[in-house]
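Here is the structure we will look at.
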Amino acid sequence: MKKLWENYSYALILLAVSLIFSLVAKAQLNNDDAYITVTIEEGQSLWEVAETYASEHHLSKNEFVSWVEKENAIVGEKVFPGDELVIPVKAEYVEPTQIAGAER
């Protein structure tokens, strides 16, 4: 075992680090799907979005706006109608329902 470690220690360490990195990256990617996307309407600001969703997140308004700016690559709080922004509000999974047809 000692000889195996001496000969392949760098490869084993690289393999372990790669595995850890890939697990962390996968967790990050899965986490992005947990947030909702909103479309900015005419006259709406990031502060209004923060106010609208205040009960659905744990951030202060300043933290909310900073998070949205960072994650959506926004500079200076400038948003325009039609912009689609990811916001830190957990998306709720709703199972699809089937509507039974009435037979006559």
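Nothing in this text is a laboratory measurement; each read-out follows from the coordinates by a stated rule. Please read these numbers as outputs of a predicted model, since none were measured by experiment. Neighbour counts run over all protein chains shown; Cβ positions are idealised from the backbone, glycine included.
With the simple model of a label 7 Å out from the Cα in the direction of the Cβ, GLU41 to ALA73 spans 2.8 nm. Taking θ as phi - 60° and the Karplus parameters 6.51, -1.76 and 1.60, the scalar couplings of the range 6-23 work out to 5, 7, 10, 4, 5, 5, 5, 5, 4, 4, 5, 5, 4, 5, 4, 4, 5, 5 Hz in sequence order, x denoting glycine and proline. Between the listed residues PHE80, ALA50, ALA91, the Cα displaced farthest toward the positive end of the dipole of the range 34-91, a dipole computed from Cβ unit charges relative to the Cα centre, is found at ALA91. For the range 34-91, the dipole from Cβ point charges (+1 on Lys and Arg, -1 on Asp and Glu) about the Cα centre works out to 200 debye, to the nearest 20.
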